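Taken together, the values in this text are just the output of simple stated rules run on the coordinates, not laboratory data. Because the structure is predicted, anything quoted here is derived from the model rather than measured. Neighbour counts are summed over all protein chains in view; Cβ atoms, including those assigned to glycine, are modelled from backbone coordinates with ideal geometry.
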Amino acid sequence: MWPHLAVYQHTSDALAVIDGERFVDVNPGALRMFGCAAPALMLGYRLADFSPLQQVSGVLSAPILTALGWRARQSGNLRFDWRCVGRDGREFWVDIMLTSVAHDGRQLLCAVMRETTARHHEQAAIYLALMAGVAVRSRFDARARHLAEHDFLTGLPSRVLLRDRLRQALAAARRNGRLVALLFIDLDRFKGINDALGHQVGDLLLREAAARLVRCVRSVDTVSRQGGDEFVVVLADIGAIDQAAHVAATIRQAMAREFRIESHRLHVSASIGIAIFPADADDIDTLLQHADLAMYHAKTNGRDGFEFFSPDMNRQIHQRAALEDELRQALAQDQFMLAYDAQIDFASGEPLAAEALLRWRHPERGLLLPEDFLDVAEGAGLMVPIGDWVLARACRDAARWRDAGQPLVVAVNLSRTQFMQKNLAHKVAATLSAAQLPPHLLELELTEAVLMHHDGNARATLAALAALGVRLALDDFGTGYSRVGQLRDYALSKLKIDLSFVSGGVDGDVAQAAVVTAIIAIAHSLGLTVLAEGVESAAQFEFLRRQGCDQYQGRYARANGQFDGLDGLLDGSD
Ligand SMILES: Nc1nc2c(ncn2[C@@H]2O[C@H](COP(=O)(O)OP(=O)(O)OP(=O)(O)O)[C@@H](O)[C@H]2O)c(=O)[nH]1
């Protein structure tokens, strides 16, 4: 049913599709889990055929599975723990999630299965310890306590032990007038690693990250795993807060080193929040909350860094939440508008295109620039709806310019989130057709960072966009990501040189001037048009013209009168 999906084939989870009670589709993970060398050994069989006659509770497996399947179809989904037997005779526990899916007029069940044998052993040990007689109690108690106090995956202290250690550390610090620092650490974009490479690789990465964390602290300190990709470090008995900053910086460096997991070379970073006892809180829960809040700030400030808690953070979080609400209203109430920056041809002095720049007419705060709100929009999941609005409005404006006898190309920036959409090319085609704009009058601008982060699919997406006939430009070129050789692989038609090169180049920085000259020459050899952004002075204009740059945009164009006759047109969008 979904075997064409890469994730279906490569996830370490076992996935199966069940029709009636029989497997009609299984992925490699399921074959591995049930010890089957080929799909034929599973297809057509029932889960009951891979179950012992009875479950541990004594119920018969086959009839109870029939009932569970029926319940899953009734309620949409159902999750339960199940004892299984593989073809190879191995007995194991599985957490099964059944979801009812309608397909071709049939109601199928999709099963996601994860082995939980280790967890069951752990529970069984605790259970045994509780049930054991007085004579064996101490031995089992110790084992049971260890299991409860340590994280199964990493062996680190769990939340339970962390609280205990924190309690002791705070009591000692109170007595001795010392400080305790709490570092809340969350790996950045860890979900992506799980999704791309499977949970097993994610697990190994968590273990290695845990080992690195332990090496960053003294033996009196505690490193614990909170769950998922979150860790908490307690620095007991420190004299000054710069010690906490020092450890946070050390952790950052430790995480920045390449992780080699199986055949993969992974690059990971972490966001760290720090709260200090007694300055930020004097009880465990508030200290944890404040460190968590500071970590959240580290995330929203671009990740890969650390932040100390400050009382102001609460206020900022509320402001952010309010801004998110206002952004939703802005979309609903049409408070956005576009401003345009014309792109001028050096040779003819004629405007050829105009870049759409998003503005928000905030009812109280006046006109806001993208940098004032896009970060919050990203966090609130609003980049796609805002991007859709910009694209639709820009296409309508360009159609209007063409109807007014000024067939300018409209240039629209695409964010990373927009670029990641699977249906991007369809969406662009639909928007062009709704605005009745020919594709060659639309140019989509992408930054280097967007392209480089999606190397796998970037080419296919760009090819699909280029096939529509729209133009593609690489924005902010020179900010350090792309290699010139890669440019050939993308269906680009234009390079935009980053403003910082331009200003350095004309202000007498010989090295930067040489870089600009080289970029223009290479771009031309690849058949690309070169546009310089942010041109402000006659000196910059002259320098770029001499270098053979094709187009420019910026304040100089307006000052030089090159917007004359366009103003009414470009300012007309709202
Ligand atoms: N491999 C593995 N993954 C886990 C485990 N526990 C939780 N996870 C996954 O860890 C991921 C944690 O992701 P988040 O911290 O929410 O998000 P993120 O992708 O790290 O992104 P940011 O934190 O926003 O930078 C989730 O996808 C969980 O399913 C585990 O024991 N092993």
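Peptides 192-204, 25-37 ranked from most to least packed give 25-37, 192-204, packing being the mean of other C-beta atoms within 10 angstrom over each peptide's residues. Fewest-first ordering of His297, His267 by other beta carbons within 10 Å of each residue's beta carbon gives His267, His297.
Annotation: amide H of His362 within the under-5 Å range of Leu367, Leu368, sequence separation 5 or more or interchain, hydrogens built in the peptide plane. Taken about its Cα centre, the chain carries a charge dipole of about 2200 debye when Lys and Arg each add +1 at the Cβ and Asp and Glu each add -1 at the Cβ.
Within the chain, helices built from complete DSSP H runs that reach 27 Å or longer along their own axis (Cα positions) and carry a mean Kyte-Doolittle hydropathy of -0.5 or higher are 383-403. Just check the range 288-375 against the gyration tensor rule for me: Cα atoms, a ≥ b ≥ c as the square roots of the eigenvalues, rounded for a/c under 1.5, and otherwise prolate or oblate depending on whether a/b exceeds b/c. Oblate shape, in that a/c is at least 1.5 and b/c is the bigger or equal ratio. Across the range 489-494, rounded Karplus estimates of 3J(HN,Hα) from the backbone phi angles (6.51 cos²θ - 1.76 cosθ + 1.60, θ = phi - 60°) give 6, 9, 7, 8, 10, 9 Hz, Gly and Pro being marked x. Among Ser61, Ser537, Ser158, Ser219, the order by Cβ neighbours within 10 angstrom, fewest to most, reads Ser219, Ser537, Ser158, Ser61. In terms of its C-alpha gyration tensor, the range 150-310 has a prolate overall shape, because the principal axis ratio a/c (a ≥ b ≥ c, square roots of the eigenvalues) is not below 1.5 and a/b outweighs b/c.
For a quick check: with amide H placed at 1.01 Å from N, whose amide H comes under 5 Å from Thr529's, ignoring anything fewer than 5 positions away on the same chain? Close amide H contacts, sequence-distant or interchain: Lys494, Leu495.
Given +1 at the Cβ of Lys and Arg, -1 at the Cβ of Asp and Glu and no other charges, the dipole of the range 150-310 around its Cα centre is 380 debye to the nearest 20.
Simple point charges give the picture: +1 on the Cβ of Lys and Arg, -1 on the Cβ of Asp and Glu, and for the range 6-115 a dipole about the Cα centre of about 120 debye.
If R0 equals 22 Å, the separation of the Cβ atoms of Glu208 and Arg303 corresponds to a calculated FRET efficiency of about 0.70. A simple spin-label model places pseudo-atoms 7 Å from Cα toward Cβ; at Ser75 and Asp489 they are separated by 4.8 nm.
Placing unit charges on each Cβ (+1 for Lys and Arg, -1 for Asp and Glu) gives the range 6-115 a dipole about its Cα centre, and among Val24, Ala38, Trp82 the Cα reaching farthest toward its positive end belongs to Trp82.
In order along the range 532-537, the Karplus-derived 3J(HN,Hα) couplings, from 6.51 cos²θ - 1.76 cosθ + 1.60 at θ = phi - 60°, round to 9, 9, x, 6, 10, 10 Hz, and Gly and Pro are given as x. Taking the fewest neighbouring Cβ atoms within 10 Å as the starting point, the ordered list for Ser433, Ser310 is Ser433, Ser310.
Could you list which residues have their amide H under 5 Å from that of Leu408, counting only those 5 or more apart in sequence or on another chain, with H placed in the peptide plane? HN-HN under 5 Å from Leu408: Arg402. Per residue of the chain, the DSSP helices (runs of n ≥ 4 H) give a summed -39500 (n - 2.57) that works out to -14500 deg cm²/dmol at 222 nm.
Given in Å, the Rg to one decimal and the Dmax to the nearest whole number for the Cα atoms of the range 6-115 are 13.0, 39. Net charge in the neighbourhood of Gly534 (other residues with Cβ under 9 Å of its Cβ; Lys, Arg +1, Asp, Glu -1) is -2. Rounded, prolate or oblate: which fits the range 263-323, taking a ≥ b ≥ c as square roots of the Cα gyration tensor eigenvalues, rounded meaning a/c under 1.5, else prolate when a/b beats b/c? It comes out oblate by the Cα gyration axes.
Relative contact order of the chain: 7 percent, from C-alpha pairs under 8 Å at least 6 residues apart in sequence.
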